[in-house]
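Data first, discussion second: the structure below is written as structure tokens.
The values are calculated or read from the model by the stated rules, or taken from the named source; none is laboratory data. For clarity, every value in this text was computed on a predicted model and none was experimentally measured. Positions of Cβ are backbone-derived with ideal geometry, glycine not excepted, and every protein chain shown enters the neighbour counts. Calculation scope for accessible area: heavy atoms of the full protein, side chains included, ligands and nucleic acids excluded. Shrake-Rupley method; radii C 1.70, N 1.55, O 1.52, S 1.80 Å.
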Amino acid sequence: MKVNRRSFMKGTAVAAAGVAAPSFFTRNAWAADFVNNPGDAKSVTFGFNVPQTGAYADEGADELRAYKLAVKHLNGEGDGGMLNTMKPLSLKGNGILGKKVEFVTGDTQTKSDAARSSAKRMIEKDGALMITGGSSSGVAIAVQNLCQESGVIFMAGLTHSNDTTGKDKKRYGFRHFFNAYMSGAALGPVLKDEMGTDRRAYHLTADYTWGWTQEESIKNTTEALGWETVATVKTPVGAGDFSQYITPVLNSGADVLILNHYGKDMINSLTQAVQFGLRDKQVNGKQFEIIVPLFSRLMAQGAGDNIKGILGSTNWNWALQDAGSQAFVKSFGQEYGFPPSQAAHTCYVQTLLYANACEMAGTFYPPEVIKSLEGFEFDGMGNGKTLYRAEDHQCFKDVLVVRGNQNPSSQFDLLEIVKEVPVEQVTYDAAIFGGELGPYKV
């Protein structure tokens, strides 16, 4: 093989230049090749897509409060909140990679089509670099699919369906919130201790992906305890009046009603169940019980005295005493005059986690940001040590079993922490729910 002097010298010069080039040139060689690349712009835009109307609007309002607070902290305003407690931390309080954070908002209406349309507008018209939000798993899955197609990272808000990081998981989607399987695993031992192993359960279930997987997970848990499932009845989201679904429970022979409802639906179904006198009944020689597997303070506030003594699970509670929780509660309280909900907490954390991943990667290029989040272990954000599992993009952390407080000290002291369930008890094999993450580059 003949090589003349000229081609040899040219080849060695190119090779030498490649070796000598500063790393940031080679590292960002692909940086122009992604959606809404901020380039030399002085700011980046986030899309906050929350239910401002519909059955989950209360959660959406608190999510938006948290998002706005997160932007303040990222831009170096306010007291910094969890930027003072997060470990490890790459953020510097001067935006992200020196760029100021701005945002646009949308209304999901707690409807998948509306949420997808809103997210699409944010990406295509507003230049959103990252989409986050939602208080419905149906919404989360729809928007996550869109973001995967668009090459834009989605940091899910409040979504509890197993499917979000199971059969519907996506490379561009990440969930900090826990799921239905974890609720069942956390609640099982407490239900056994407090209600025994000989129970007959009746499920009322929100008729969409979250309700289906919560019903399945809680049913699997209770049947493993020895409970019998009397009936599983689907109810439409936003039904308002649940009396037609509650009436049959009275003559079913069930001694436990499990409400797989959330938001205003849970408030309404629980209130109506209590009005029907279910909690005062004796059935099968036992006191009739109601369980709300997924609880929130906002729901408890809406349901009033009806939640007293009722068991459920939650992702986080403002009464936790760790440094991260206290820092967030202090910042949120100073900003808005009341403590944050679990929806606010998870959305605030998701925003910081995305920003920190960009800072770690040294770029906004999604595949590199994704790799920074996959397998990321962190602490100081309110749930103890937490892992963003690489295989399915699900966060693993301790889970709280809570009970409606019998003697609240304030209008916000509504959920009593019964047990902080260690992460080991709620961890599962990523393969059990199926699904494929898909490619890094789309």
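For region 227-348, the direction-averaged projected area of the alpha-carbon convex hull comes to 8.9 nm². Each residue of region 397-412 was assigned a 3J(HN,Hα) from its phi angle through the Karplus curve 6.51 cos²θ - 1.76 cosθ + 1.60 (θ = phi - 60°); the sequence is 7, 5, 10, 9, 9, 10, 9, x, 5, 6, 9, x, 8, 7, 5, 10 Hz, with glycine and proline shown as x. For region 336-394, the fraction of alpha-carbon pairs lying more than 20 Å apart is 29 percent, rounded to a whole number.
Peptide packing: for 365-373, 245-253, the average count of neighbouring Cβ atoms within 10 Å per residue gives the ranking 365-373, 245-253, highest mean first.
With N set to the number of residues, divide the alpha-carbon radius of gyration of region 183-227 by 2.2 N^0.38 Å and report two decimals.
Values: Rg = 10.6 Å, N = 45, 2.2 N^0.38 = 9.3 Å.
Rounded to two decimals, the normalised Rg is 1.13.
Rounded to a whole number, what is D in µm²/s for region 28-79 from Stokes-Einstein with the Kirkwood radius over alpha-carbon pairs (10 °C, 1.306 mPa s)? The Stokes-Einstein estimate is 117 µm²/s. The base-10 log of I(q)/I(0) for region 19-174, evaluated at q = 0.16, 0.18, 0.20 Å⁻¹, reads -0.94, -1.13, -1.29 [Debye formula, identical scatterers on Cα atoms, solvent excluded]. Once backbone amide H atoms are built at 1.01 Å from N, Glu228 has Arg199, Arg200, Ala201 as its partners under 5 Å, excluding neighbours fewer than 5 places away on the same chain.
What is the angle, in °, between the Cα long axis of helix 137-150 and the longest principal axis of the Cα atoms in the chain? Nearest 10 is fine, range 0 to 90. Relative to the chain, helix 137-150 is tipped by roughly 10 degrees.
For the peptides 82-95, 347-360, residues were scored by their other Cβ atoms within 10 Å and the scores averaged per peptide; the highest-first order is 347-360, 82-95.
Distant-in-sequence amide contacts of Lys281, defined by a placed amide H-H separation under 5 Å and a gap of 5 or more residues or a different chain, comprise Phe288. The spacing between region 148-169 and region 198-263, judged by their C-alpha centroids, is 25 Å. Here the chain is described by how far its Cα atoms reach on the three principal axes: 97, 52, 37 Å, from widest to narrowest.
Which value, to two decimals, describes the C-alpha radius of gyration of region 74-148 once divided by 2.2 N^0.38 Å?
On the way: Rg = 14.9 Å, N = 75, 2.2 N^0.38 = 11.3 Å.
In units of the 2.2 N^0.38 Å rule of thumb, it is 1.32.
Here is the size of region 51-92 from its Cα atoms: Rg then Dmax, 13.2, 38 Å.
Phi-derived couplings, Karplus 6.51 cos²θ - 1.76 cosθ + 1.60 at θ = phi - 60°, listed residue by residue for region 177-186: 5, 7, 10, 5, 4, 5, 4, x, 5, 6 Hz, with x used for Gly and Pro.
Considering every alpha-carbon pair of region 136-264, the percent of pairs per 10 Å bin, from zero through the bin containing the longest distance, is 13, 38, 31, 14, 4, 0. Between Gly173 and Phe154, the built amide H atoms are under 5 Å apart, and every one of these is 5 or more places off in sequence or on another chain. With a cut-off of 20 Å on the backbone N, the residues of region 157-178 near the modelled label site 7 Å out from Asp429 along Cα-Cβ are 162-169. Taking all protein chains into account, the per residue accessible area for region 91-178 stands at 29 Å² (1.4 Å probe). Principal-axis analysis of the Cα atoms of the chain puts helix 263-275 at an angle of about 10° to the longest axis. Taking the Cα centre of the chain as reference, the dipole from Cβ charges on Lys and Arg (+1) and Asp and Glu (-1) amounts to some 1740 debye. Each label point was placed 7 Å from the Cα along the Cα-to-Cβ direction; for Asn284 and Gln406 their separation is 2.4 nm. With unit charges on the beta carbons (Lys and Arg positive, Asp and Glu negative) and the dipole taken about the Cα centre of region 307-385, which residue among Pro339, Ser372, Ser325 sits farthest to the positive side? It is Pro339, whose Cα lies furthest towards the positive end. For the chain, the 222 nm mean residue ellipticity estimated from helices alone, with every DSSP H stretch of n ≥ 4 adding -39500 (n - 2.57) and the total spread over all residues, rounds to -12000 deg cm²/dmol. The Ser117 and Asp207 beta-carbon pair, evaluated with R₀ = 30 Å, returns a calculated FRET efficiency of approximately 0.85.
Share of carbon and sulfur in the accessible area of the chain stands at 50%, probe radius 1.4 Å.
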